[in-house]
């Protein structure tokens, strides 16, 4: 009904006040109190429940648009003018109640945004250059500032740990169920809860760019948009409302011209104006979509607009990036190939490699050290560690020079075993001792937990297997696809190639939902009918371009949000059918029979309440949990 301006949260209070005044007037009327008393109570009910929509309607008239709110107020005043003050008051009460329900749906959506804002603390302890502490508001922090986070406090900014150790509960941002141990050089997020230690962090993001702030901005932007269906309805509403006014005037003047009595003609005209007004139609679209957006936001998926929610519902095929999307982007060691048989076995090669990599910050180096520790291998301490960008690492162990390098540094893939490792879908690195290759390590990206179940759910939901689009080599892509159950693989793709595949699929009649994380995915995300970005690992450009963002990088949320979007679309269709049925039936009754005004009011506003409540159903947790796949 468009009463989101002046009514706001107070609409509930006005609706309750109008109801109380209506019931008091009804009681006074039934108890044969002086008519002046119950008339006064009813008129006060008019003012209490009708002033806001009347003001909205007047403001709309100034913009040369006709608001359905104004039609309801005019109809109520018309009823009172012919002595039907009870019927008009009933209309105002039900009208105010339906408006409050609409506002409740909007308020619940806004609460999902302000709830995220509540994660941020109200104060931060900044450490100045001379070591003094100063309490400031988090919004006053700047990149490079040093902040101390004491036990039990919320982290006040996105940053990097400079000193101290502590367990930090990141569930509010990342969804991780257990606190994460934070050491120097680890990343922390604003709004997360510090444990028992003290942390000193260096701010790396301005307050407006923190993870929480970006989440808030995305959800707020979603609430401000309108779905295509809603825009169409609003366009039709203007012409329809004018038609209702013209028909009402005709229904009033024509019978008068043929001798009908004034009260009877006005009563029928007012009844027609009420039952023909498209209040329920207007409420049919946005409450379900906004409720779905709020529900998705509570479960870690930020849908940026009602239009985006409609597009997600339309998806017929899902195209998915590999690295960082189906995989975590964190490598693990999968094979060790000794080259000096009889002199070194796999454990010897791994021990040497882990010794050289133990001081490395590169993901491949950490994967080697982690695997050696998991195998229980004693890692001797190396010296003279040196990282060689674009090449690998170099260190000294027991007087020997150890290098972990790319095969390209040793003449390409001609080294025995390199091709086999790469054909298995792994990244190959070579272990070199005093310039002699002694082994090959194969490292593979880690597949996200539950990926196979998610692929199966997507296939069932869209009746089409997902399409894997990746810039990685074909062997690695095919191996991953086989492991997770994807049959359609497009590998060795440049960003423009991904766009071409998306456009080709859409030219074939598909509506493509693209899921990715990297900057190289942004063009395909922009070209797709709908898109979802991985929030934790996603590049800024990708997050800005995508229609929706998964805050916790959980693949299971992808089919869940698509199913939720489809459920929202079904509710919209059902709402439109309900509204059209009521309007048609009530208008026909009034034109070809005798529809009592109270019954017309009850039928019209009752359909509006039914439609509003039907949309609010999508706020329930069951609307999400009922569609989410089971992860392994």
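Rule-based calculations on the coordinates, nothing more; no lab input. All values derive from a computational prediction rather than experimental measurement. When we count neighbours, we look across all protein chains shown, and the Cβ atoms used for this are built from the backbone with ideal geometry, even at glycine.
A few remarks follow.
- Inter-label distance for residue 381 and residue 162, nm, one decimal - labels placed 7 Å from Cα along Cα-to-Cβ: 2.8 nm
- Report note on the peptides 42-48, 489-495, 447-453: ranked by the mean count of other C-beta atoms within 10 Å, highest first, their order is 42-48, 447-453, 489-495.
- Extension gain (nm, one decimal) between residue 406 and residue 239, 0.36 nm per residue minus Cα-Cα: 53.2 nm
- Exposure proxy order (Cβ contacts within 10 Å, fewest to most) of 51, 624: 51, 624
- Within the stretch 458-490: backbone nitrogen closer than 18 Å to the residue 504 label point (7 Å, Cα to C-beta): 465-475, 477-478, 487-490
- Shape class for the stretch 330-447: rounded, because the ratio a/c of the largest to smallest gyration tensor axis (alpha-carbon atoms, square roots of eigenvalues) is under 1.5.
- Cα-based shape type of the stretch 124-209, given that a ≥ b ≥ c are square roots of the gyration tensor eigenvalues and the cut on a/c is 1.5: prolate
- Taking 7 Å steps out from each Cα toward its Cβ at residue 262 and residue 316 produces label points 6.2 nm apart.
- Efficiency of FRET between residue 370 and residue 570 - r from beta-carbon atoms, R0 51 angstrom, step 0.05: 0.60
- Relative contact order (%) - the stretch 330-447, alpha-carbon pairs under 8 angstrom, separation at least six: 32 percent
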